[in-house]
Amino acid sequence: MKVSLSWLNDFVDISGIEVFELAERLTMSGLEIEGVDKLEAAENVVTAAVKKVEKHPNADKLSVCEVYDGENVYNVVCGADNVAEGQIIPFAKVGAVLPGGFKIKKAKLRGVESFGMICSAAELNLEEKSDGIMPLPEDTPVNKDINEVLGLGDYVLDISITPNRADCLSVRGVAREIAALYSRKMKKTSYQIKSDKSLNASDYSYVKVADEEKCPVYLGRIIKDVTIKPSPLWMQNRLRAVGVRPINNIVDITNYIMFEYGQPLHTFDLREIEGGIIVRTAKPGEKIMTLDGKERLLDESMLVIADESKPIGIAGVMGGEYSGIHDDTKDVFLECAYFKPENIRMTARKLGLQTDSSYRYERGIDRVNTLSMVDYAASLLKENADGSVADGVLSNDYKEYVPLSVNAEVDKINKLLGTEISEKEMAKILEELGFGVKTKQGELTVEVPPYRIDIERWQDLAEEVARIYGYNNIEATVPRLSADSVPPESFLKKAKNIKSSLKTLGFNEVINYSFMSERYLSRFDKKDNFVKLLNPISEDMDTLRTYVFPGVVAAAKQNINQGFKNIRLFEIAKTFINRNESIPEQLSGLAFCATSSFFPLSWNTGSRVDTFYYMKGVLDNLLKSFKINAEYKKNEKYDFLHPGKSAEVKVGGKGYGFIGQLHPNIAEEEDIQEDLYLCEIYLEKLINEKVKGDFHYEKFSVYPFVYKDLSVVVDNTVNAGDLLEYIKNFGPLVYDAVIYDIYQGDKIGENKLSLTFRIFYSALDRTLTDEETNKILEEIIEGLTEKYSAELR
């Protein structure tokens, strides 16, 4: 978005403000200035009249002109094919210096002397490229300094406008920000609209809105007997300064108002409209030739401006070619509307067509301003196109806008910002930004202006106060935190810590699309759980994932096929499950995998580390960081896993995931030529349900730990985790326990399992004696014997 300082000065007095200081203040307030450009002035260039044009005697493409500057007549050779007698032009005399430093000298071109140059807009640095010289309006006086006539020497700010600040996509919007930053009053602007009472707008057309949800407001005015000609020079100068090439008075006026006030407008040739204006959705297969000369295929979701027989424009995006303004246009239908932003955005994306109008409509405009803007445009058309404005405004029966009211407490805003701004100062800041403010005992009742569609709650108002008050004026303070408890970390922070831990262990992170093929996902889940996409990128991306691991498996397969056998991958991502509600259940999960060949053969046994237990160890360590102890139960739920090498992961008796080898049948079907072990945990659900609020300080003993090993033999149907849990929870002096060794073999008998536990003992007030620990160990053995038929080995 470009704005010139002279244009801004129409709305707010910026005298005394240095341009680069202004750029810095705007940037600090949230309107990032990407560049400050100066319309470089020219030296010794004046307005002059072309008195005579003759063909060059020695060159077909050159002309010899007589140019009069009000004092003298100069012989000038010109190569432009649009030079003509009677034109007023920018004339660079001998010795003139053009923008960029080019100096004009007397020259002889193909035998004819030339005393100066007739300039194009590009040579004056007003356009990047010009096709010929720059004719000035016929009423431009001669011998005037071109800098004064064209506004050269002005500064232009190039501003990056974020999507939430649609109100600043106009000169007036930026001026309003400046007024608030410098506590200056906005200037009052006015115009007069005088309609011709002998002409009634309803006699020439009508407006009917068939879809008021997509088009809440549509206004039109009729302007008769216009003259198509160049727009006034002051308007052309301002449009060029902001990067818009002038076309004619009708088009330039609509562009001028769009950049000045942010309100897109469109003009139709009234003679091309059959009957009246109908705002409706497009019919299936309907087509329109747009102003850029391209035929566009429309669909039923798109809003069009139509007459009684055909579409004549794509609402908010671009007009039709046949109904546009032509050199012989006499009567004009002027459109000013408010369209639903979401619909314009969708239409522009589908058609791959973004215009200055759609750019503003899809971000949201001031819907209350439409009536004043259609009148302002009509007044400019009357003044600069010699037209007669028909009496009356054509419109739909639109509803009156009800402004949003937001309540805010001064103390809450100050607490959020870390400031001590007074109620009076807050109210002043908001009022200078155009908000209506009522104050009462530390509370603000704020009426949000219609152009601030980004303001919804009191925190938004706090941001407005901070922007204008100045972030650099807010003093840094130490946060006031209570030390009596440990605050729970956010899920995102926990996920970040998990990622860091897995990377430390040698896992590589993968990031997959959320959507995959229904065929592939059906290998792992029921179709009833699937959320199908209405408009998928391709058939292989038509369904949202219900698990994270299918993407990890696909990534592992791709790596294996490329010859990388030793793989460890993980991903934390959202899953989407259909619960027969309007919005699917969305929760983040963790999935990680490893191939069995990742581990080298042992030098003394010739065997590898058991991948299942390695994966289990990784999971246990991750969960331990959240003080969660998982149980591993027989897998009877996940049939995509190897039935003898898998387990369901439970916490507190509730399932939160699985671990195990990918079923060999699925691995074969997917051509995965390695044993692949998987683990997936419903991470967000687990943390939210089991960890929230479970943060506390824990005393630790200054006395040494004592540990003893215990080996027992049990039936191999007994869950080792149950024994471990029993030992850990035995009493206050048992600090922790781990499974130290597992053995199966002939020495202990068939269908038997030997488990060795290392048990750690500790007391807060003393060093434990052997007598105490032995007694506890005996009681543990008795309990294991009674409960699990364990035998001491």
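The values are calculated or read from the model by the stated rules, or taken from the named source; none is laboratory data. Everything numeric in this text was worked out from a predicted model, so none of it was measured. Every residue, glycine among them, receives a Cβ derived from its backbone with ideal geometry; neighbour counts consider all protein chains shown.
Taking the conditions exactly as written (surrounded by 14 or more Cβ atoms within 10 Å (Cβ to Cβ) and under 17 Å from residue 675 (Cβ atoms)), does residue 578 satisfy them or not?
Numbers: surrounded by 14 or more Cβ atoms within 10 Å (Cβ to Cβ): yes; under 17 Å from residue 675 (Cβ atoms): no.
Taking the combined requirement at face value, the residue does not satisfy it.
For the stretch 386-393, state whether one or more residues are surrounded by 20 or more Cβ atoms within 10 Å (Cβ to Cβ), of a type in the set (Asp, Glu) and outside the structural domain of residue 456 (by TED's automatic domain parsing).
No, the stretch 386-393 contains no residue that is surrounded by 20 or more Cβ atoms within 10 Å (Cβ to Cβ), of a type in the set (Asp, Glu) and outside the structural domain of residue 456 (by TED's automatic domain parsing).
Against the conditions (1) assigned by TED's automatic domain parsing to the domain that holds residue 176; (2) modelled with pLDDT under 95; (3) loosely packed, with under 14 Cβ neighbours inside 10 Å, where does residue 30 fall short? Just the number, please.
Unmet condition: (3).
Which one is farthest from residue 586 (Cα to Cα), of the residues in the stretch 496-517 that are touching a helix residue (DSSP H, G or I) at 6+ places or on another chain (Cβ under 7 Å) and in a helix (DSSP H, G or I)? Full working, then the answer.
Taking the stretch 496-517 first, the residues touching a helix residue (DSSP H, G or I) at 6+ places or on another chain (Cβ under 7 Å) are 498, 501, 505, 509-510, 512-513, 515-517.
Filter once more, so that each one left must be in a helix (DSSP H, G or I): 498, 501.
Values: 498: 20, 501: 24 Å.
Only one residue tops the list, namely 501.
Being in contact with a strand residue (DSSP E or B) (Cβ under 7 Å, 6 or more places away or on another chain) and of a type in the set (Gly, Ala, Ser) is the filter; apply it to the stretch 154-186 and report the residue that is surrounded by the fewest Cβ atoms within 10 Å (Cβ to Cβ).
Once the filter is applied, the top-ranked residue is 160.
Do any residues in the stretch 504-517 that are farther than 17 Å from residue 540 by Cβ have Cβ atoms under 9 Å from those of residues that are at pLDDT below 95 and in a loop (DSSP other than H, G, I, E, B), where the two are at least six apart or on different chains, and which pairs are they?
Going by the 9 Å Cβ cut-off, the qualifying pairs are 508/567.
For the condition of a type in the set (Asp, Glu), surrounded by fewer than 16 Cβ atoms within 10 Å (Cβ to Cβ) and in a helix (DSSP H, G or I), what is the one hit in 400, 342, 420? Break it down stepwise before answering.
Details: 400 fails: in a helix (DSSP H, G or I); 420 fails: in a helix (DSSP H, G or I).
When all the criteria are applied, what remains is 342.
Quickly run through the stretch 423-436 and pick out the residues that are surrounded by 13 or more Cβ atoms within 10 Å (Cβ to Cβ) and part of a helix (DSSP H, G or I).
Residues of the stretch 423-436 surrounded by 13 or more Cβ atoms within 10 Å (Cβ to Cβ): 423, 425-436.
The answer is 423, 425, 426, 427, 428, 429, 430, 431, 432.
How many residues, within the stretch 440-449, are surrounded by 14 or more Cβ atoms within 10 Å (Cβ to Cβ) and modelled with pLDDT under 95? It would help to see each step written out before you state the result.
Within the stretch 440-449, the subset surrounded by 14 or more Cβ atoms within 10 Å (Cβ to Cβ) is 443-444, 446-449.
This time we only want the ones that are modelled with pLDDT under 95, so: none.
Adding up the residues that qualify gives 0.
Residues being part of a strand (DSSP E or B) and farther than 19 Å from residue 147 by Cβ: count how many of those fall in the stretch 1-20. Step through it out loud before you land on a result.
Here is the first cut: in the stretch 1-20, the residues part of a strand (DSSP E or B) are 2-4, 12.
With the extra rule that they be farther than 19 Å from residue 147 by Cβ, the set shrinks to 2-3, 12.
Selection size over the stretch 1-20: 3.
Would you kindly identify the strands (runs of 3 or more DSSP E) lying entirely within the stretch 152-242 that contain at least 2 residues that are closer than 19 Å to residue 384 by Cβ?
Details: elements: 155-160, 195-200, 207-209, 217-224.
Qualifying strands (runs of 3 or more DSSP E): 195-200, 217-224.
Looking at (1) in a loop (DSSP other than H, G, I, E, B); (2) touching a Cys at 6+ places or on another chain (Cβ under 8 Å); (3) not hydroxyl-bearing (Ser, Thr, Tyr), which one does residue 363 not meet, given that it meets all the others?
Every condition holds for residue 363 apart from (2).
Condition (residue is buried (at least 23 other Cβ atoms within 10 Å of the Cβ), of a type in the set (Gly, Ala, Ser) and either assigned by TED's automatic domain parsing to the domain that holds residue 339 or touching a residue at least 40 places away in the same chain (Cβ under 8 Å) (or both)) applied to the stretch 261-269: is it met by at least one residue?
Checked the stretch 261-269: at least one residue is buried (at least 23 other Cβ atoms within 10 Å of the Cβ), of a type in the set (Gly, Ala, Ser) and either assigned by TED's automatic domain parsing to the domain that holds residue 339 or touching a residue at least 40 places away in the same chain (Cβ under 8 Å) (or both).
Under 26 Å from residue 166 (Cα atoms) and free of Cβ contacts under 8 Å to residues at least 40 places away in the same chain: does that describe residue 288? Write out each step before concluding.
Details: under 26 Å from residue 166 (Cα atoms): no; free of Cβ contacts under 8 Å to residues at least 40 places away in the same chain: yes.
Taking the combined requirement at face value, the residue does not satisfy it.
May I ask you to say which residue of 629, 665 is without any contact (Cβ under 8 Å) to a residue 40 or more places away in the chain, over 17 Å from residue 595 (Cβ atoms) and not in a strand (DSSP E or B)? Outline the logic, then answer.
Values: 629 fails: without any contact (Cβ under 8 Å) to a residue 40 or more places away in the chain.
On inspection, the qualifying residue turns out to be 665.
Find the residue count for the stretch 368-397, including only residues that are aliphatic (A, V, I, L, M) and not in a helix (DSSP H, G or I).
As a first pass, look at the stretch 368-397 and keep what is aliphatic (A, V, I, L, M): 368, 371, 373-374, 377-378, 380-381, 385, 389-390, 393-394.
The next check asks that each one be not in a helix (DSSP H, G or I); those that pass are 389-390, 393-394.
So the count comes out to 4.
What tally of residues in the stretch 533-546 results from selecting those that are crowded, with 17+ Cβ neighbours inside 10 Å and out of contact with any Leu (no Cβ under 8 Å at 6 or more places or on another chain)?
The total comes to 0.
Which numbered condition trips up residue 92, out of (1) of a type outside the set (Val, Ile, Thr); (2) exposed (fewer than 15 other Cβ atoms within 10 Å of the Cβ); (3) touching a helix residue (DSSP H, G or I) at 6+ places or on another chain (Cβ under 9 Å)?
Among (1) of a type outside the set (Val, Ile, Thr); (2) exposed (fewer than 15 other Cβ atoms within 10 Å of the Cβ); (3) touching a helix residue (DSSP H, G or I) at 6+ places or on another chain (Cβ under 9 Å), the lone unmet condition for residue 92 is (2).
When the residues of the stretch 749-784 are filtered to those that are β-branched (Val, Ile, Thr) and more than 15 Å from residue 718 (Cα to Cα), which remaining residue is surrounded by the fewest Cβ atoms within 10 Å (Cβ to Cβ)?
Result: 769.
Of the conditions (1) of a type in the set (A, V, I, L, M, F, W, C); (2) surrounded by fewer than 20 Cβ atoms within 10 Å (Cβ to Cβ); (3) closer than 13 Å to residue 361 by Cα, residue 291 clears all except one; give me its number.
Against the list (1) of a type in the set (A, V, I, L, M, F, W, C); (2) surrounded by fewer than 20 Cβ atoms within 10 Å (Cβ to Cβ); (3) closer than 13 Å to residue 361 by Cα, residue 291 comes up short only on (3).
Which one of 48, 41, 23, 59 is over 33 Å from the mean Cα position of the chain (by Cα), outside any strand (DSSP E or B), crowded, with 18+ Cβ neighbours inside 10 Å and hydrophobic (A, V, I, L, M, F, W, C)? I'd like the intermediate steps shown before the answer.
Details: 48 fails: outside any strand (DSSP E or B); 23 fails: over 33 Å from the mean Cα position of the chain (by Cα); 59 fails: crowded, with 18+ Cβ neighbours inside 10 Å.
Only one candidate passes the filter, namely 41.
So if I check each of 228, 277, 305, 247, which one is β-branched (Val, Ile, Thr), modelled with pLDDT under 95 and either assigned by TED's automatic domain parsing to the domain that holds residue 355 or touching an Asp or Glu at 6+ places or on another chain (Cβ under 9 Å) (or both)? Step through it out loud before you land on a result.
Working: 228 fails: modelled with pLDDT under 95; 277 fails: modelled with pLDDT under 95; 305 fails: modelled with pLDDT under 95.
From the options 228, 277, 305, 247, the qualifying one is 247.
Test of understanding: among 328, 292, 299, 252, which residue is over 30 Å from residue 129 (Cα atoms) and not hydroxyl-bearing (Ser, Thr, Tyr)? Reasoning before the result, please.
Working: 328 fails: over 30 Å from residue 129 (Cα atoms); 292 fails: over 30 Å from residue 129 (Cα atoms); 252 fails: over 30 Å from residue 129 (Cα atoms).
After applying the criteria, what remains is 299.
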